[in-house]
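The values are calculated or read from the model by the stated rules, or taken from the named source; none is laboratory data. A quick note: this is a predicted structure, and the numbers were derived from the prediction, not measured. Heads up, the Cβs are rebuilt from the backbone with ideal geometry, glycines too, and the neighbour counts pull from every protein chain shown.
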2 protein chains.
Amino acid sequence: MVMSRLRDVEIKHLVALRAVAEEGTFGRAATRLGYTQSAVSQQIAGLERALGAPVFDRPGGPRPVELTPLGSLLLEHANDVLGRLDAAGAAVERFVRGETGPLVVGTFQSVTTSILPTIVGRLREESPDVDIRLRESNDKEAFPGALVRGELDLAFTLDDDWPGVETEVLFEDPFVVVTPRSDLRAGCFPVQDLVGRGLVGYQLTSCQREIEEGLRRVVDGDLDWVFRTDDNLAVVALVRSGLGAAVVPRLAVDVDDDSVAIHDPEPPIPPRRVGLSWKAGRTLSPVALRFAEIAREACRPLQLSGTRAGAAAAVTTA
Amino acid sequence: MVMSRLRDVEIKHLVALRAVAEEGTFGRAATRLGYTQSAVSQQIAGLERALGAPVFDRPGGPRPVELTPLGSLLLEHANDVLGRLDAAGAAVERFVRGETGPLVVGTFQSVTTSILPTIVGRLREESPDVDIRLRESNDKEAFPGALVRGELDLAFTLDDDWPGVETEVLFEDPFVVVTPRSDLRAGCFPVQDLVGRGLVGYQLTSCQREIEEGLRRVVDGDLDWVFRTDDNLAVVALVRSGLGAAVVPRLAVDVDDDSVAIHDPEPPIPPRRVGLSWKAGRTLSPVALRFAEIAREACRPLQLSGTRAGAAAAVTTA
DNA sequence: ACATGACCATCAGCGTACGTGATCACGATG
DNA sequence: CATCGTGATCACGTACGCTGATGGTCATGT
């Protein structure tokens with residue numbers, strides 16, 4: 001921890017040592033390094049003063065200098081150290097270019113199954129060496145804490161903002177009504193008509209609670225939930241089978257799936273706002289910034305909310 | 001080779017980075033490093049200027065600073081580099097103390113079988129980690145070249161001095177006459193008496209040539225060499241068996257061996273001077289200096305030449 | 001709401017350290 | 001013996017880096 005004799009040794013000393021050892025002459029080493037012979041002479045002298053022993057034998061006259069045994073030993077270590085520094089420089093260079101680096105992103109189911117593959121795919125395409133790690137959770141409260149603790153670089157979040165977390169809204173995710181295909185209505189679906197039909201929905205996570213409270217506020221009568229699952233595909237399949245209807249975020253369904261009918265609810269339910277969050281004040285890595293940029297691009301088509309065409313374009317454009 | 005962005009980064013920057021990261025505060029890091037808070041602030045600022053990006057997020061107020069992703073990356077490499085520097089410092093320390101280091105010594109047979117084990121033994125005893133390598137050659141001309149080329153640190157040599165090689169005489173190795181034990185004479189042995197007896201000797205290496213020329217100059221008549229071998233033990237064994245007499249360097253025989261008789265030749269043959277040589281002007285490693293010192297001590301009893309007692313004392317005192 | 005305290009950034013000032021350029025001393029070479 | 005290529009040394013000027021003081025920011029406690 002103290003480096004004893006090397007305490008006053010600087011990188012330039014090691015560089016000079018190497019240059020002189022390779023060139024055989026203070027003057028040529030100086031030229032290579034962009035110094036004068038005098039400077040190199042003083043640098044080596046300083047190195048030897050710090051070590052308390054010479055690193056070169058100067059035969060005098062025009063003969064080249066030669067490493068002492070101590071010089072050889074030190075040179076080996078110097079090459080090692082300088083090699084490490086080069087490696088560090090290269091690593092930093094790749095990092096700031098966004099070519100490498102760790103990136104931990106928090107996500108939740110509907111994002112994971114819809115836009116995330118597109119984003120990750122594009123990022124991996126332009127930077128194959130980035131170490132992307134995903135953590136999925138449907139607990140709204142899990143991510144802000146993880147962000148603040150530094151466990152996550154970025155996280156997809158919904159609505160609320162938390163102290164110490166900055167959020168950029170990516171797009172609005174409206175709720176849609178899914179019914180069997182036979183149920184042909186134009187565009188809007190009066191939510192009042194849901195009363196008396198069987199309903200398929202999610203487990204009572206925060207998202208589902210949001211849906212049910214939203215409906216309760218605008219609907220007369222009780223809603224009849226006949227099945228709950230967190231599997232998006234199962235929900236759609238059960239609707240297709242005629243078991244009932246569903247109210248889900250648009251992101252959760254494949255808008256090109258013609259085996260079911262998709263409608264905008266009437267009156268409309270306030271949409272969820274999907275955002276990208278990070279720890280406030282934290283400098284994001286270049287990879288993280290690039291991820292955010294790609295996410296922004298990928299979500300742009302989704303921002304013109306409501307229309308089915310927009311959503312379809314966004315999700316399939318990979 | 002250029003370290004790109006790390007070109008202006010100095011060791012102190014990495015030390016400061018580590019200290020701040022571990023302390024969480026510029027001020028405490030400054031205290032630990034023996035600087036003022038201002039200095040550390042400027043050092044980190046300089047580091048960030050060199051990198052072109054911040055390494056710490058300063059939340060402001062009394063909250064501790066935190067590494068940015070770039071800072072984390074750099075810190076990993078910094079720990080690596082600083083660890084290497086520590087290792088280098090430790091290695092240098094051990095080296096200058098003479099505890100480690102490579103040591104290549106040139107030797108020849110009679111030294112190898114007599115005083116060398118003593119010297120090597122003592123050195124290994126006080127410095128078990130020294131990497132001692134021996135190279136044996138009976139060619140007188142081999143070692144000076146190897147010394148000058150830097151292939152050897154030290155070499156035992158005989159007599160002549162070579163350009164570019166410095167030599168310190170360790171002791172004189174007189175020639176002795178070896179005869180069967182039955183041949184009881186007091187002290188001196190007239191070499192003239194060798195004529196007409198069978199003689200055992202070495203192959204015609206430079207040493208043996210020296211012996212034979214020396215004898216020819218003082219002896220009337222031809223000498224009869226009945227057997228030649230380079231094996232010291234064989235020479236003595238053949239003398240013991242009565243095959244003949246031998247003239248050998250005293251170092252080549254065990255002076256305590258009572259199965260043969262050992263005499264000083266009359267007239268005396270000029271003794272060989274055994275020396276320790278090294279490349280002129282070359283700084284010797286601490287291990288090499290210690291080796292030379294031990295060799296000097298070990299050979300001191302041999303310097304009082306001629307007497308059997310002196311030689312015996314030197315060789316057996318390990 | 002306000003004062004307090006802990007923290008970092010910035011500034012001016014100053015000493016030192018470092019590189020330059022000139023000169024000296026040395027040894028090989030012809 | 002003169003020359004040349006070498007490293008060491010010196011005086012000099014600049015520039016860098018540290019200090020000490022000050023100001024701004026944010027959390028905390030009353």
**OP:** Kindly provide the set of residues from the stretch B:31-47 that are more than 8 Å from DNA strand C (Cβ to nearest atom) and crowded, with 18+ Cβ neighbours inside 10 Å, ordered by number.
**Re:** B:Leu33, B:Tyr35, B:Gln43, B:Leu47
**OP:** State which residue is nearest to A:Arg216 (Cα to Cα) when the search covers only the stretch A:229-270 and only residues that are modelled with pLDDT of 85 or more and among the charged types (D, E, K, R).
**Re:** A:Asp264
**OP:** Answer with yes or no whether A:Asp57 is away from DNA strand C (no atom under 16 Å from the Cβ), within 7 Å of chain B (Cβ to nearest Cβ) and at pLDDT 95 or above.
**Re:** no
Subject >> Residue among B:Arg32, B:Arg49 that alone is among the basic types (Lys, Arg), under 16 Å from A:Gly89 (Cβ atoms) and more than 10 Å from every other protein chain (Cβ to nearest Cβ) >> reply: B:Arg49
**OP:** Quick one: B:Gly281 ticks every box in (1) assigned by TED's automatic domain parsing to the domain that holds B:Glu125; (2) crowded, with 18+ Cβ neighbours inside 10 Å; (3) in a loop (DSSP other than H, G, I, E, B) except a single one, so which number is it?
**Re:** (2)
Subject >> Test set (1) buried (at least 21 other Cβ atoms within 10 Å of the Cβ); (2) within 21 Å of A:Glu151 (Cα to Cα); (3) hydrophobic (A, V, I, L, M, F, W, C) - B:Leu17 fails condition number >> reply: (2)
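Answer with yes or no whether B:Glu66 is within 11 Å of DNA strand C (Cβ to nearest atom) and under 30 Å from A:Gly98 (Cβ atoms). So that I can check it myself, show each step before the final result.
On the way: within 11 Å of DNA strand C (Cβ to nearest atom): yes; under 30 Å from A:Gly98 (Cβ atoms): yes.
For B:Glu66, the condition - within 11 Å of DNA strand C (Cβ to nearest atom) and under 30 Å from A:Gly98 (Cβ atoms) - is met.
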**OP:** Kindly check whether there is at least one residue in the stretch B:96-104 that is at negative phi, within 13 Å of another protein chain (Cβ to nearest Cβ), in a helix (DSSP H, G or I) and crowded, with 16+ Cβ neighbours inside 10 Å.
**Re:** yes
Subject >> Search result, residues across the stretch B:178-225 that are closer than 23 Å to B:Val255 by Cβ and among the polar types (S, T, N, Q) >> reply: B:Thr179, B:Ser182, B:Thr205, B:Gln208
Original post:
For A:Pro117, all conditions in the list (1) surrounded by 16 or more Cβ atoms within 10 Å (Cβ to Cβ); (2) in the same structural domain as A:Ser277 (by TED's automatic domain parsing) hold save one; what is the number of the exception?
Top reply: (1)
Original post:
Which pairs have Cβ atoms under 8 Å, sit 6 or more apart or on different chains, and link a residue in the stretch B:63-92 that is facing chain A (nearest Cβ under 7 Å) to one that is hydroxyl-bearing (Ser, Thr, Tyr) and in a helix (DSSP H, G or I)?
Top reply: B:Gly89/A:Ser4; B:Val92/A:Ser4
Original post:
If you check B:Gly34, B:Gly89, B:Gly27, B:Gly83, which single one turns out to be outside the structural domain of B:Arg124 (by TED's automatic domain parsing) and over 46 Å from the mean Cα position of the chain (by Cα)?
Top reply: B:Gly27
Subject >> Per-region count, the stretch B:161-199, residues loosely packed, with under 14 Cβ neighbours inside 10 Å and hydroxyl-bearing (Ser, Thr, Tyr) >> reply: 1
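When you go through A:Arg63, A:Arg18 one by one, which is the residue that is outside the structural domain of A:Gly150 (by TED's automatic domain parsing), of a type in the set (D, E, K, R) and modelled with pLDDT under 95?
A:Arg63
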Original post:
Would you say A:Arg216 is surrounded by fewer than 21 Cβ atoms within 10 Å (Cβ to Cβ), within 30 Å of A:Arg133 (Cα to Cα) and without any contact (Cβ under 8 Å) to a residue 60 or more places away in the chain?
Top reply: no
